[in-house]
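A quick write-up on the structure given underneath.
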Amino acid sequence: MFVRPFDSQQKAVPVVIDGETVMAAEGEMLASVLLRTVPFYTRTTPVSESRRAPYCLMGVCFDCLAVVDGVASVQTCLVPVRAGMRVERQHGRREVPL
Amino acid sequence: MSPGPDVIILGAGPAGMAAATRLRDCGVAVTLIDEQPALGGQIWRGIETSHNGPLENALGKDYRAGAGPAAVLRASGAELRLAAQVWQIEEGWRVFVKTGDAVGMVTAPILLLASGAQERPNPFPGWTLPGVVSVGGAQIMLKTSGQVPENPVWVAGSGPLPLLYMTQLLALGGRLAGYLDTAPRENFSKALPHFPAALTGWRDLYKGARWLWQLRRTGIPVISDVAEIEAKGNDRLETIAYRRRGGEWISMPAEVLLAHEGVVPGVHFTLALGCEHDWRDDQLCFAPRLDDWGETSREGLFVAGDGAGIGGAEAARLRGEITAIGIARRLGKSSESEAARLAKSPRRELARALATRPFLDALYRPRPEIFVPAAETVVCRCEEVTAKQILDAARLGGSGPNQVKAFTRAGMGPCQGRQCGYTVSHLLARQQDKSVGDVGFFHIRPPLKPVSLGDLAALHVEESAL
């Protein structure tokens, strides 16, 4: 779907997505990483549980939401990659723990 | 409590950067806030971390021009609050921001909104499938990650941005299956009368012509006058289908479809603050009503950049300059006559930067199909509400956008109508035979960006500040 063909001068760091370690460039947007990582989606919707992937990459569509370091509904297009970040794809509706 | 700044600026793109730099030159204390972790806005995304390589070469001179202003602003002494989301603004002006885990409030007598534009909502069947990305989004990934799409890539849309993006992608060795040009053929004759006036901006016209020429030279299929597109697939994009005006549907394999139908001012802040807005029929959007200095109908609240109406990066920079001169005058840093004198040259440059706009607006006026999409098209991406459900709700007595919102939940999801607002207004306008200006837009209510209960509970604001 998307690839990163250039040698980057940015430092390569590991990120864990749903338990799998993938390499990313430090400081790039997490949403970009999700768009080049099989199976190419970030969340399923609360209504029909259909798959969504980053669409606008500029903070207005909210389709790139994922669970980042335990925090749900994070806009991954606004989050720069840090080494060791743990990401989970977000499934369906959120729940409030009571 | 430490004294706050004189001016808060939201948005660190060309307008916000120019305004902040100018105000610092006048000795004004400025706090500049942006969602992104670095300066540049969308047009200069990643400019502070870019290096001199093949990517920067392909992105072009206009992109690289952002590095200088970013460095100057860094050295100006403006307080920068980056990676900070604004979720509420109150009169006074009190701006509530969230930075990582911390929530807080900044206050200032003057607030300048330079938060720019967003891509126009562009609904078509299948636009929610993974693999469908906006052209602006794809360009942001190119700028920030050097990331390119692959395995049949189609671009569908209208306007200068798809042409620029395709030129950049091809210069980097990227491959495209084809370009579906969705600008209606009749636009051309409607744009022609604006051409003589546009010649003042011949440099911009030349740039656009060169992109077109470069695209043609590669031999990539360019299919003109495309009226409708569809994205199909199970869990992700597999096929696209398109139909030229008056033609048959044609299907093609695709893994990525990049779509774009122009940009519109981001009006959520000004709508939420109750500013007067006008419907701009030339750009098919709402824009805040501003005076000569960029001040809205609310005193002390200014707008500069594409949020004031689409004009492009150079116009945004100039509007930032002019607004900063107006703000400095308001703060007593210069007299009325001195401000008028200082603004003379940027105003002249602004007129030049906007010279091609009426021509471009007419040439790339979006096809009507995006405003009244087919019945089963998802209009509200967040709550998955279709065009048919919106029209049905309106028929049941939900006469305006806000009633339709209450009936269907369209506009109630996390994006708060940023992706469906215009479509809902257009659908109602068509059904009720009104102008979109008369139908209006959703009421925009806080929080302007989602904020957790934990964040709200952690908000520490001294009583005396409220």
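The values are calculated or read from the model by the stated rules, or taken from the named source; none is laboratory data. This one's a predicted model, so the numbers in the text were calculated from it and none came from an experiment. Here the Cβ positions follow ideal geometry from the backbone for every residue, glycine too, while neighbour counts run over all protein chains shown. Ligands, DNA and RNA are excluded from the accessible area calculation, which covers all protein heavy atoms including side chains. Shrake-Rupley method; radii C 1.70, N 1.55, O 1.52, S 1.80 Å.
Under the shape rule built on the C-alpha gyration tensor, where the axes satisfy a ≥ b ≥ c, the range A:12-89 is prolate, since a/c reaches at least 1.5 and a/b is greater than b/c. The simple Förster model, with R0 at 35 Å and r as the Cβ-Cβ distance, assigns B:ILE220 and A:VAL47 a FRET efficiency of 0.40. Sites listed here are chymotrypsin sites (Phe, Trp or Tyr not before Pro) in the range B:254-337 whose DSSP assignment is loop and whose Cβ has at most 12 other Cβ atoms within 10 Å, and the list is empty. Among DSSP beta bridges lying fully in the protein assembly as shown, give the percent that are antiparallel, nearest 5. Antiparallel bridges: around 60 percent, rounded to the nearest 5. Under 5 Å from the amide H of A:ILE17 lie the amide H atoms of A:VAL22, A:VAL87, each residue being 5 or more positions distant or on a separate chain, with H modelled from the backbone and absent for Pro and chain starts.
Using the Cβ-Cβ distance between B:LYS190 and B:GLU248 with R0 set to 22 Å, the FRET efficiency works out to roughly 0.25.
Here is the list for the range B:268-318: GluC sites (Glu not before Pro) lying in DSSP coil, each with at most 16 other C-beta atoms within 10 angstrom of its C-beta, are B:GLU276, B:GLU299. Find which of A:PRO54, A:VAL87, A:PHE6 sits farthest along the positive direction of the dipole of chain A, computed with +1 on the beta-carbon of Lys and Arg, -1 on that of Asp and Glu, about the Cα centre. Ranked along the dipole, the leading option is A:PRO54.
The B-A contact accounts for approximately 3700 Å² of buried accessible area, totalled over both chains at a 1.4 Å probe radius. Listed values for the range B:105-118 are Karplus-derived 3J(HN,Hα) couplings in whole Hz (6.51 cos²θ - 1.76 cosθ + 1.60, θ = phi - 60°), namely 9, 10, 10, 6, x, 10, 10, 10, 8, 10, 8, x, 10, 9, and x replaces Gly and Pro.
Residue by residue along A:43-52, Cβ atoms of other protein chains within 10 Å of the local Cβ number 4 on average. Accessible area ranking (1.4 Å probe, heavy atoms, ligands and nucleic acids excluded), largest first, for A:HIS91, B:HIS260, B:HIS277, B:HIS194: A:HIS91, B:HIS194, B:HIS277, B:HIS260. Take the Cβ atoms of B:SER335 and B:ARG203, set R0 to 45 Å, and the FRET efficiency comes out at 0.80. Shown in residue order for the range B:148-162 are the 3J(HN,Hα) couplings computed by the Karplus curve 6.51 cos²θ - 1.76 cosθ + 1.60 at θ = phi - 60°: 10, x, 8, 6, x, 10, 10, 10, 10, x, 8, x, x, 4, x Hz (x for Gly and Pro). For the residue pairs B:LYS232/B:LYS388; B:LYS405/B:LYS449; B:LYS388/B:LYS449; A:LYS11/B:LYS143; A:LYS11/B:LYS449, the C-alpha atoms sit more than 21 angstrom apart in B:LYS388/B:LYS449; A:LYS11/B:LYS449. Take every DSSP beta bridge with both residues inside chain B and express the antiparallel ones as a percent of the total, to the nearest 5. About 55 percent, rounded to the nearest 5. Taking amide hydrogens as placed 1.01 Å from N in the peptide plane, the amide H of B:ARG244 sits under 5 Å from those of B:ALA227, each at least 5 positions away in sequence or on another chain. Among the GluC sites (Glu not before Pro) within the range A:29-98, those in coil by DSSP and having at most 13 neighbouring Cβ atoms inside 10 Å are A:GLU49, A:GLU95. Working note: Karplus 6.51/-1.76/1.60 with θ = phi - 60° gives the range B:19-30 the couplings 5, 4, 5, 5, 5, 4, 4, 8, x, 8, 7, 10 Hz, where Gly and Pro are set to x.
In this label model, B:ASP291 and B:LYS434 are separated by 3.1 nm, measuring between points 7 Å along each Cα→Cβ vector. Across chain B, the volume of the C-alpha convex hull divided among the residues equals 153 Å³ per residue.
Across the range B:16-62, the convex hull enclosing all Cα atoms gives 92 Å³ per residue.
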